[in-house]
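As structure tokens, the structure follows; a few thoughts come after it.
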Amino acid sequence: MRLEAILQKKFGYLAFRPGQKEIIESVLAGRDTVAMLPTGTGKSLCYQLPGYMIEGQVIIISPLLSLMQDQAEQLMLNGEKKVIAFNSFLTRAEKKQALNQLNKYKFIFVSPEMLYFESVLSQLAKLSIALFVVDEAHCISQWGYDFRPDYLKLGEARKRIGNPLTLALTATATSEVKADIKKSLDIMDCSEIIYSVDRPNIALSVEKLDNFREKTDRLLELADSLEGPGIIYFSSKKMAEQTADLLRDKGAKRVMAYHGGMDQESRILVQQQYIHGQLDLICATSAFGMGINKDNIRYVIHFHMPLQIESYLQEIGRAGRDGNQSIAIMLYAPGDEQLPIQLAESELPDKAQIDWIEKWIKENPNAILNISQFEAQIKQLSGLTDVQWRIFNDFFERKSKSGLDYRRILQEMKGYYEGRIKFKRESIEEVYKWIHLKTCRREHILSHFNEKKSVSIHFCCDSCGLELKDFPKNTNSDNQEEPLYDWKSHLEFLLIPSE
Amino acid sequence: MKRSYLKTVIMYCIRELQGQRTIYSILHLLNGKKTSQTIQDAHLFQLTPLFRTFGNLSRDVIDNLAEEIASSRWMTAADNGHYILTAEGMEELQRALLENPIPSSLNGWMYHSAGGLFWERISLLIQVISHLNNNHVKYLPIQRKRAVHEWLKDFLRTSGFARDEVGAVLNRELRQCLENLNDINPAVLTLRLTGYNRIGLTAVQASEHLKISYDYYHHQFLGTIHHILESVRESSDYPLLEKIVSGTREAIQLTLSAQKTYTLLKQGLDLEAIATRRNLKKSTIEDHVVEVALYERSFNIACYVSEEKQKMILHAASSSDTLQLKQIRQLVPEADYFEIRLVMAKFGEGQ
């Protein structure tokens, strides 16, 4: 009963949600733990609560700055003052100051990049760390190898700060990904607590259309007829914005775009407007959603094909956190799979590019020890994009530090990239197959995670039988007339207490 | 045309520059590039109000707009990439400015950095007051920078106003101040404010609400902020607003690096010594001195340029028709560029 008492006292909840208690008990028993809970079922509590029961600091490694900030803010909202998040909201001086007095804090949020710095590691090593948390641990595998070579350092960093008790949290993970997590963190003997990825209250539907135009028309229809709030995901900022404009032109007032290219303040405002019910629909890129606490999202539509089943589940998992019936719809037109394939391939340097670089290094052997100095030159001659260059540079520097000959490094690089591209193509292929599935979509997803469908679900998927008229719109907020705006009364409303 | 207001602003700059600068000097001005050339141009051609009022403007955009202006025959090329307005251009500019006047309170040079900080503070303060009024403590702050949060805590502790009167006083002061706005609807600002159960609009939403273009909205928003800052500076009617503004003004003036140099200057170090101490090039330190001369009206430049040389440079500047440093240099060969820039910085404006 002790845990429940703390839960109520510290967090104001009466009972744990499924899985939480088991994970917390595992951690409190001192076992390294890999935990998988479906999105939106309170993962943060799994490190917050043990944090209060173990002496010392909780270090949370968070892959995305926005997510980190959201979680730090949630803690502060709960009255916890000893929270620090090392991100761009701190000035350099503030960071330095905080770093020198880390023991003042209880919860310390750090990005994986920061663990590159000896100055950070040595300060962390001085602490008595209660718990080392890797949040969204699937990132280690999902895009860690490509975009976050920093994640490869996590195991090393963990060792460096004294192998603290570790909790890796994730919402989705296939057995390969789980293996990656354990290996990378060097917690092979950990306990695994895995809950089903299934969200029975989210119905799954795929609609196949003939072309882009039809997809757009259908999207407008859906946005008009489905009960909100909703999210529509796009794979480009421009499309998200254009569609939001289009919807507003058609008279849907409470629609906004959200993407990483917007300024900080606008992003906060749009997010908050949505949470507070001032908006019904967000046209977003994948930048939107992580860490957003909104219970009553009724639908998630994907206008573009996702890159893998895992990220798709994450995104649709934002619907229906209140447990009420919700729906996920993917719109597909022939050829849609080309875009994700192109995206995947353009992220990595290709063979020809690597050959060019090899030739160049042969002529400029002095560059080997200091490859990053030659960024402009190498980019120009090989046509690497910024992202490609970063990946190349990280790989090269890491390997050349271990004394490998450059020809070997470049050879390895080619093999490695080929493997990654193959893997990505396979992931896309899997989504493609799922789209064209004639049998139960839910069963297929579950089998992807070695699970079986155990309960029968009334609104399961379009293969099992689903009609959109089962998800009718009840309210029509678009027609509400906006009251006339008067700035003086607004100021008064904000600043003078109402009687 | 979606960006017609921005086009008006660019044409306005072209008119003021009188064919003596390139289109890109306008880009640098609107971006607020902190180089001596841009800062000095802003003062020479009295374009300081527009300094850093379109901080994100890109080369492409200004290229496109310039092309449009040229193809409408509103401007023609003078020489070496400089442009002047045609008679039709002058007429069009006048018409456009009548329709959408550049806000008279806009003062980018004075307030570009204080403005941002002031907005962060006041928007957060209002959100906090609104939640206090409704006895709500759990909400996400609309501003995220730690420095602003620290300021707020400090402010609530030390403002000298009782907690329950801050809201009323702020309401009174803001209302009075905003009522004095000449050419801007105060809703430009108030629509953006967030409070209990009511999240403010983004800039885009506010411009749509007011049915004005985003660019014009942006200038009006800045104009409103600058109006408040100017009112606080000029009048003693706004003690609470003054407390909110205080500390933003010092921050506006010099770049951080120039501030450091200025501190050392005041300790009596010479330029060489400062360069060595700070491990910077001497030319960088010279840039700082020029910057200090622009901001600090009381800054005495006699120890860097003799009075006599100052006179010669000023004379050359007034007899030269272009105000280009190179030409002045030709007229006063004994002065170096640093000395000329320094004198122009000190006396350039309002010649």
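Each reported figure results from applying straightforward, stated rules to the coordinates on display, with no laboratory input. Values in this document were obtained by computation on a predicted structure and should not be read as measured data. Using ideal geometry, Cβ is built from the backbone for each residue, glycine included, and neighbour counts are taken over all protein chains shown.
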Completion exercise
Between the Cα axis of helix B:4-17 and the main Cα principal axis of chain B, the angle (0 to 90°, nearest 10) is 40 degrees
Exercise for the section: Sort B:334-342, B:230-238, A:162-170 for me by packing, meaning the mean count of neighbouring Cβ atoms within 10 Å per residue, highest on top. Expected result: A:162-170, B:334-342, B:230-238
Practice task
Work from the charge dipole of segment B:4-99 (Cβ charges, +1 for Lys and Arg, -1 for Asp and Glu, about the Cα centre) and give the residue of B:Asn31, B:Ile84, B:Leu17 farthest towards its positive end.
Solution key: B:Asn31
Problem - Per-pair calculated FRET efficiency, R0 = 25 Å: A:Arg2 and A:Lys104 via Cβ, rounded to 0.05 - result: 0.35
Problem - B:Glu230-A:Ser175 FRET efficiency (beta carbon distance; Förster radius 56 Å; 0.05 resolution) - result: 0.30
Practice task
Take the alpha-carbon centre of segment B:47-112, take the same for segment B:192-208, and report the distance between them in whole Å.
Solution key: 29 Å
Problem - Links that overshoot a 32 Å alpha carbon limit, given the list A:Lys237/A:Lys351; A:Lys153/A:Lys208; A:Lys362/A:Lys422; A:Lys238/A:Lys422; A:Lys238/A:Lys473; A:Lys9/A:Lys153 - result: A:Lys153/A:Lys208; A:Lys9/A:Lys153
Problem - Computed lengthening from A:Ser88 to A:Asp189, 0.36 nm per intervening residue step minus Cα-Cα distance - result: 32.8 nm
Fill in the blank from the handout: Given unit charges at Cβ for Lys, Arg (+) and Asp, Glu (-), the dipole magnitude of segment B:4-99 about its Cα centre in debye, nearest 20, is 380 debye
Problem - DSSP-loop GluC sites (Glu not before Pro) across segment A:374-468, with at most 16 other Cβ within 10 angstrom - result: A:Glu451, A:Glu467
Exercise for the section: Could you work out the mean count of beta carbons from other protein chains within 10 Å of each residue's beta carbon in B:201-207? Expected result: 5
Exercise for the section: Can you tell me the alpha carbon radius of gyration of the protein assembly as shown divided by the globular rule-of-thumb value 2.2 N^0.38 Å? Expected result: 1.06
Completion exercise
With Cα coordinates, the longest principal axis of chain B makes an angle with the long axis of helix B:307-319, in degrees rounded to 10, of 90 degrees
Exercise for the section: Pick out, in residue order, every one of the trypsin sites (Lys or Arg not before Pro) in segment A:409-499 that is DSSP loop and has at most 11 other C-beta atoms within 10 Å; say none if there are none. Expected result: A:Lys438, A:Lys452
Handout entry: Projected area, mean over directions - chain B, Cα convex hull, nm²
Key = 20.4 nm²
Fill in the blank from the handout: Between the modelled labels at A:Asp355 and A:Leu14 (7 Å from Cα along Cα→Cβ) the distance in nm is 7.0 nm
Practice task
Please order B:Tyr304, A:Tyr417 by the number of other Cβ within 10 Å, starting at the fewest.
Solution key: B:Tyr304, A:Tyr417
Practice task
Can you tell me the FRET efficiency between B:Arg198 and B:Leu98 if r is taken as the Cβ-Cβ distance and R0 is 30 Å, rounded to the nearest 0.05?
Solution key: 0.25
Problem - Student exercise, segment A:349-427 dipole from Lys, Arg, Asp, Glu Cβ charges, in Debye to nearest 20 - result: 220 debye
Practice task
Mind checking which of A:Gln271, A:Leu49, A:Met188 is farthest towards the positive end of chain A's charge dipole, using Cβ charges of +1 (Lys, Arg) and -1 (Asp, Glu) about the Cα centre?
Solution key: A:Met188
Completion exercise
Among A:Met413, A:Gln377, A:Phe392, the residue whose Cα sits farthest towards the positive end of the charge dipole of segment A:349-427 (+1 at Cβ of Lys and Arg, -1 at Cβ of Asp and Glu, taken about the Cα centre) is A:Met413
Exercise for the section: Consider a paramagnetic label point 7 Å from the Cα of B:Ala77 along Cα→Cβ; state which residues of segment B:1-41 have an amide N under 16 Å from it. Expected result: B:19-24
Practice task
Could you work out the mean count of beta carbons from other protein chains within 10 Å of each residue's beta carbon in A:272-285?
Solution key: 2
Exercise for the section: Note the angle between two axes, namely the Cα long axis of helix B:87-99 and the longest principal axis of the Cα atoms of chain B, as a number of degrees from 0 to 90, rounded to the nearest 10. Expected result: 20 degrees
Problem - Assigned charges on the beta-carbon of Lys, Arg, Asp, Glu; the protein assembly as shown dipole about Cα centre (debye) - result: 2140 debye
Problem - Other protein chain Cβ atoms within 10 Å, averaged over every residue that makes up B:144-151 - result: 4
Practice task
Kindly give Rg over Rh for segment B:33-175, based on alpha-carbon atoms, with the Kirkwood expression for the hydrodynamic radius.
Solution key: 1.14
